[in-house]
Amino acid sequence: MDDILTLSKLDSQLLLVTPVDAQPLTVAQRALKMHEGELQTADIQLKFVVEDSYKNLGVDWVKFDPSRVLQVLVCTMSIS
């Protein structure tokens, strides 16, 4: 619930976003790792696949707010 409220604040421009150089794949992997225990308990196998289209871009580091993106990913994964 707290993450949803945070996203609401972000949408209302009441929350600051602090962009830094970070690796998007690392943030996505952290989000998946946070749900690892739940997946194991439910006997669900998860496979993280990076599409060739992303690999072809040669992107490793980008400027974004990894903590906010992590919140969005975790919140989205929890709702689905």
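The values are calculated or read from the model by the stated rules, or taken from the named source; none is laboratory data. Predicted model, so just to flag it, every value in this text is computed and none were measured. Here the Cβ is made from the backbone with ideal geometry for all residues, glycine too, and neighbour counts use every protein chain on show. Side chains are part of the model used for accessible areas, which takes the heavy atoms of the whole protein and leaves out ligands, DNA and RNA. Shrake-Rupley method; radii C 1.70, N 1.55, O 1.52, S 1.80 Å.
Starting from residues that are in a helix (DSSP H, G or I) and open to solvent by 100 Å² or more (accessible area, probe 1.4 Å), keep the ones in segment 53-80 and report whichever is nearest to Val17 (Cα to Cα). Among those residues, the one meeting the criterion is Ile79. For segment 17-37, taking the residues that are surrounded by 10 or more Cβ atoms within 10 Å (Cβ to Cβ) and in a loop (DSSP other than H, G, I, E, B), the one that is modelled with the lowest pLDDT is identified as Val17. Met1 fulfils the conditions (1) among the aliphatic types (A, V, I, L, M); (2) surrounded by 12 or more Cβ atoms within 10 Å (Cβ to Cβ); (3) at pLDDT below 90 except for a single criterion, (2). Take Gln40 and tell me if it is modelled with pLDDT under 95, outside any loop (DSSP other than H, G, I, E, B), open to solvent by 80 Å² or more (accessible area, probe 1.4 Å) and not hydroxyl-bearing (Ser, Thr, Tyr). Taking the combined requirement at face value, the residue satisfies it.
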